[in-house]
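The values are calculated or read from the model by the stated rules, or taken from the named source; none is laboratory data. If you're wondering where the values come from, they're calculated on a predicted model, not measured in any experiment. Because the Cβ atoms are built from the backbone with ideal geometry, glycine has one as well, and the counts that use them run over all protein chains shown. Ligands, DNA and RNA are stripped out before the accessible areas are found, and what is left, the full protein with its side chains, is counted by its heavy atoms. Shrake-Rupley method; radii C 1.70, N 1.55, O 1.52, S 1.80 Å.
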Amino acid sequence: MPDVTVRVNGEAVRLPGGSTVAAALLNAGVHCRTSVNGEPRTALCGMGICLECRATVDGQPHQRTCQLVCRDGMSVETGS
Amino acid sequence: METFDVLILGAGIVGTACARECAAAGMRVGVVEPAVLGGGATAAGMGHVVLMDDSPAQLALSRFSRDLWRDLRAQLPQGVEYEECGTLWLAVDAEEMAEVFAKRETYAHLGVDSEVLDEKALREVEPNLRQGMTGALLVPHDGVIYPPAAAAFFLEAAIAHGARHLRGKRAIRAAAGEVVLDDGTRLNAAHIVIATGTDISLCPWLAVQPRKGHLVITDRYPGFVRHQLVELGYLKSAHAITADSVAFNAQPRKTGQILLGSSRQFGDVEPTARPKMVRRMLDRAIEYLPGLGSLSAIRVWTGFRAATPDKLPYIGPTPDPTVLVAMGFEGLGITNAPGTARLVLHHLTGAQVVLDPAPYLPSRAAVTEALYA
C-alpha cells in the first residue's frame, strides 16, 4: 500500500498505508487523551476496549484511534 | 460489649448525613455498613439537588435540605463536584407552559427564586435543545453533586467528632436497643437509626419497594448542556405507579460528561441493564437534544430507588422506642439527606427544627398500607 500523510496537531506525519491512527500518534510522539485529573493517556489495549487512545479525528471528538486506519489528509487533534 | 448513643445502620448519603449531625451534637455514634460506603442508591443516582414541589411536604423538605446543601458548599471537598447549574423544567406545549407559570407562583409565594424563560431565551441558554420548545422554568439555585464523595465527606466529619465506622458487617437484628451483626457481635445503643435504602430486612413492615432506574453517561462534551434539563412530564412519569416509564433528564457533569436519565420500573429486581429501557430513554433524550445521537455513551448502569406509596420518606420513631428509620426517599435521597439528618436529630434529642416533622412520620405507613392494599 502506498504511504499516507496525516496531520497530528497540525504536524504532518508520514506512515505506511494501512497504519492505524494510534500508530500515527505513537510515531508523532504525542499522547492521545488527557484524563479528568490531567494525566496523559495513550493506547493500551490496541483493540478498542480500553478507550485510552481516544482523540479528535476530522473534527469528531473521542474517536478510538486504534480502530481507525489512516487516510491521506486526515487531521487528528490530541490531548482533550 | 460496646455501647453507643446511636447506631446508624447504612452508610449511604442519608446514614452518613445522620452520623455527622449526631456526632457533631456530641453523641457517641457508630455507623454499620456491610459493603462500600455510599455504594447503593447513593452511587447509582444522578446527584441532582433539586426542589420538588409534588406535595407541600416534599417541597418543605427539599427546600430546607437544598438550603443546607448551599450552606455546606464552602466546606465540601472538590471531589464532591458541587455545581450550582440550576434546573430547567422544559415545557413543550401550552399545557406544560401553564405548569411553568403555576410552579413559579408556588415558588414566588415561598420566596424561592425562579424565572420563566420563553422559547427564545431558552434557546440562548441551551442551544442544543430542539427547535420549537415552548419555554422553561429556571430554578437557578438547584445543583449537582457527586454523591459518594459527599457521603465520604459526611462520614469523615462524623469520625472527626469521634464516630466509629463499623465496616464489613451487616446488621441482622435491630431492636430493643441492641444490634446484632452477622458475625455474632452484639452492640448496645440507646437509639438505632435504620437507613438501609431499599433493604427493609430490619423493618419489613415499612412500605418501601425498589424502583429500578437506568442511567447513561457520555464521554466529555463540555458545554453541550449547561443546566440540569428535565421535562415537565417528569412528574407524570415519576408518579405513574404501575407502568414502566421514561422521562427526559440530562445533567452536565463538571468533567464535561452528560449524565442521562431516567427510567422507572417496579417489579424488575435484577440489576441487569435492559437494552429496551435504555433505547426508550435515549430516544426520549434525543427528542429533546437531537445532537445527542452522534455523541458517544461510555457507560450504562442501573440502580434502585426506595419508593413509598405516597412519595414521601419515612423519618422518625417506630413502635420500638429505641428504633428510628430514615428510609424511602425514592429519587430524592441526595437532595433530602441534610434535612433528614436534622429531623433525625430532632427526634433523638428534641433539637429544634424549622420543619414540621409530622408528614414524614413512619406511623403513617400503617395508614397508607391499608389504603394501597
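When the expected Rg is taken as 2.2 N^0.38 Å, what fraction or multiple of it is the alpha-carbon Rg of segment B:164-238?
Values: Rg = 19.9 Å, N = 75, 2.2 N^0.38 = 11.3 Å.
Dividing the Cα Rg of segment B:164-238 by 2.2 N^0.38 Å gives 1.75.
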Using a loss threshold of 30 Å², tell me which positions in segment A:45-80 are less accessible in the complex than in their chain alone. Probe radius 1.4 Å, ligands and nucleic acids ignored. A:Arg54, A:His62
Around B:Pro210, with a cut-off of 14 angstrom between Cβ atoms, what is the net charge of the other residues, counting Lys and Arg +1 and Asp and Glu -1? -1
Just grab the label-to-label distance for B:Val353 and B:Glu105, each label 7 Å out from Cα along the Cβ direction, in nm (one decimal). 3.1 nm
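Given chain B, what percent of its DSSP beta bridges are antiparallel, to the nearest 5? Before the final figure, lay out the partial values.
Values: 45 of 66 bridges.
Percent antiparallel among DSSP bridges in chain B is about 70.
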Counting only helical runs of four or more DSSP H residues, what would the 222 nm mean residue ellipticity of chain B come to if each run contributes -39,500 (n - 2.57) and the total is spread over all its residues? -9500 deg cm²/dmol
In what order, largest first, do B:Thr134, B:Thr349, A:Thr56, B:Thr340 sit by accessible area if the probe radius is 1.4 Å? B:Thr349, B:Thr134, A:Thr56, B:Thr340
For A:Glu11, the accessible surface traced by a 1.4 Å probe with all protein chains present amounts, in square angstrom to the nearest 10, to 130 Å²
Stick to the Cα atoms of chain B, pair each with every other, and give me the Kirkwood hydrodynamic radius in Å at one decimal. 21.0 Å
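Return the value, in Å² to the nearest 100, of accessible area buried between chains A and B (probe 1.4 Å, both sides summed). Write down the numbers at each step before the final one.
On the way: alone 4680 and 15230 Å², together 19320 Å².
Counting protein atoms only, the buried area is about 600 Å².
Expressed in nm to one decimal, what extension gain is obtained for the pair B:Arg280 and B:Ser201 from 0.36 nm per residue of sequence separation less their Cα-Cα distance? Intermediate values should be presented prior to the final figure.
On the way: separation 79, 0.36 × 79 = 28.44 nm, distance 3.29 nm.
Fully extending the segment from B:Arg280 to B:Ser201 adds 25.1 nm.
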Determine which residues of segment B:9-24 fall in the zone a paramagnetic label at B:Val36 would reach in this model, i.e. backbone nitrogen under 19 Å from the point 7 Å along Cα→Cβ. B:10-17
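In square angstrom, what is the accessible area per residue of the protein assembly as shown with a 1.4 angstrom probe?
Working: 19320 Å² over 453 residues.
Dividing the accessible area of the protein assembly as shown by its residue count gives 43 Å².
Give the relative contact order (percent, whole number) for segment B:108-167; include only Cα pairs under 8 Å separated by 6+ residues.
Working: 34 pairs, mean separation 18.6, N = 60.
Reported as a whole number, the value is 31 percent.
Per DSSP H run of at least 4 residues, take -39500 (n - 2.57); add these up for chain A, divide by its residues and hand me the 222 nm value, nearest 500 deg cm²/dmol.
Working: 1 runs with 8 residues, N = 80.
Value at 222 nm, helices only, nearest 500: -2500 deg cm²/dmol.
Under 8 Å for C-alpha pairs, at least 6 residues apart: give me the relative contact order for chain B, rounded to a whole percent. Before the final figure, lay out the partial values.
Values: 845 pairs, mean separation 89.4, N = 373.
RCO, chain B: 24 percent.
Around B:Gly86, with a cut-off of 13 angstrom between Cβ atoms, what is the net charge of the other residues, counting Lys and Arg +1 and Asp and Glu -1?
Details: positive: B:Arg66, B:Arg70, B:Arg226; negative: B:Glu83, B:Glu84, B:Asp113, B:Glu115, B:Glu126, B:Asp142.
Every neighbour counted, the sum reads -3.
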Spin-label point model (7 Å from Cα, Cβ direction): what's the B:Glu287 to B:Ala160 distance in nm? 4.6 nm
Using only the alpha-carbon atoms of the protein assembly as shown as identical scatterers, what base-10 log of I(q)/I(0) does the Debye formula give at q = 0.06 Å⁻¹? -0.31
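Ignoring ligands, DNA and RNA, please state the percent of accessible area on the protein assembly as shown from carbon and sulfur, probe 1.4 Å. List each step's numbers first, then the result.
Numbers: 10370 of 19320 Å².
Ligands and nucleic acids excluded, carbon and sulfur reach 54 percent.
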